[in-house]
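What follows is one structure encoded as structure tokens, with my remarks underneath.
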Amino acid sequence: MKLPLSFLLLCAVAPGSEPITRPQLDAAIEKTRHESTRLEGLAQLIRMAGPRLYEGSLIFGDADPELFRLRGEAAKAAGACADMATVGKALDSPDREVRLWAVLSFDTRHEYTEAWRPLLPKLAKMLSDPDSGVRRHAVERLRDLPGGAAAIAAHAPAETDPEVLMTIAGSGTSPDLYRWLVRLLSSQDAKVREAALTFVYGNLWNPSTAAMWKLGFNQELYERVQALARSPSPGEKENARRALEQLDRLKQGADR
């Protein structure tokens with residue numbers, strides 16, 4: 001199920017629901033002015049900004065106008081930290097929100113590609129990040145960068161998150177995607193199989209799934225879900241049944 005980027009980012013970023021005071025914001029900004037505390041201050045700004053950090057066509061407001069202004073200032077201050085040196089350090093951060101900020105702050109404009117080239121190995125390393133959201137956005141950033149396509153192709157056989165694989169495939173009807181989904185559904189890891197079944201069900205059930213991301217019918221995928229519908233595990237059997245119900249509807253349409 002491919003959701004709008006704005007929604008994915010909203011879910012991926014700290015909610016920023018805690019109150020912010022002007023002194024707290026000023027203190028965080030001051031930390032970003034010193035190399036030894038720059039990442040600490042940046043992490044605080046990211047959390048203060050919450051969803052406003054990545055707002056585009058959607059503006060995320062607060063009931064309190066002052067809080068709304070402070071979050072906007074925090075987002076602006078975090079954006080001002082996006083120089084190459086800080087992004088490079090942030091890519092190594094143990095903080096998931098800071099790593100995500102770094103990936104999304106990676107400058108992919110053609111006129112800056114050469115300047116940022118030394119950081120490409122670090123960005124490619126994000127394809128193996130423990131967080132699937134970071135991996136997904138790393139794919140999007142790397143796709144058109146030098147060596148990025150090769151790095152993504154090398155990573156794909158190890159990827160276990162269906163949303164990341166959908167992003168790599170670039171389409172819901174990609175033969176590669178079906179092959180990868182069959183691999184996930186054949187995994188020895190029950191959680192991987194569950195995530196794949198949930199993905200198939202959600203992608204086909206959700207009426208808001210864009211046409212380019214909608215799965216088409218694939219016989220091998222269908223047969224694998226059929227096999228899991230006979231699983232001895234009640235939970236897996238139910239998840240497979242729900243996915244199979246959607247695939248059956250798709251199959252009926254394909255047979256007409």
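Read the figures in this text as sums done on the coordinates, not as results from a lab. It should be emphasised that the depicted structure is a prediction, and the values quoted were computed from it without experimental measurement. Neighbour counts are summed over all protein chains in view; Cβ atoms, including those assigned to glycine, are modelled from backbone coordinates with ideal geometry.
Report the local net charge at PRO234: Lys and Arg +1, Asp and Glu -1, summed over other residues whose C-beta lies under 15 Å from its C-beta. Don't jump to the answer; show the numbers that get you there.
Working: positive: ARG193, ARG230, LYS237, ARG241, ARG242; negative: GLU194, GLU236, GLU238.
After counting each charged neighbour, the total is +2.
Its DSSP H runs of at least 4 residues, each contributing -39,500 (n - 2.57), put the calculated 222 nm mean residue ellipticity of the chain at -18500 deg cm²/dmol, to the nearest 500. Here, P(r) means the percent of Cα pairs in each 10 Å bin from 0 to the largest distance; for region 161-256 it is 17, 55, 26, 2. 3J(HN,Hα) couplings calculated from phi for region 114-127 with the Karplus curve 6.51 cos²θ - 1.76 cosθ + 1.60 (θ = phi - 60°) are, in sequence order, 5, 5, 8, 3, x, 8, 4, x, 5, 5, 4, 5, 5, 5 Hz; Gly and Pro show x. Cβ-to-Cβ counts within 10 Å put HIS137, HIS34, HIS155 in ascending order as HIS34, HIS155, HIS137, the fewest first.
With the cut-off at 31 Å, tell me which of the pairs LYS31/LYS122; LYS191/LYS214; LYS122/LYS237; LYS125/LYS251; LYS76/LYS191 have Cα atoms farther apart than that.
LYS122/LYS237; LYS125/LYS251; LYS76/LYS191
Remark: ILE46, ILE168 ranked as ILE168, ILE46, counting other beta-carbon atoms within 10 Å and listing the fewest first.
With the alpha-carbon atoms of the chain aligned to their principal axes, the span from lowest to highest coordinate is 63, 44, 33 Å, starting with the largest. Relative to the current alpha-carbon distance between ARG69 and ASP248, full extension at 0.36 nm per residue lengthens the span by 59.4 nm.
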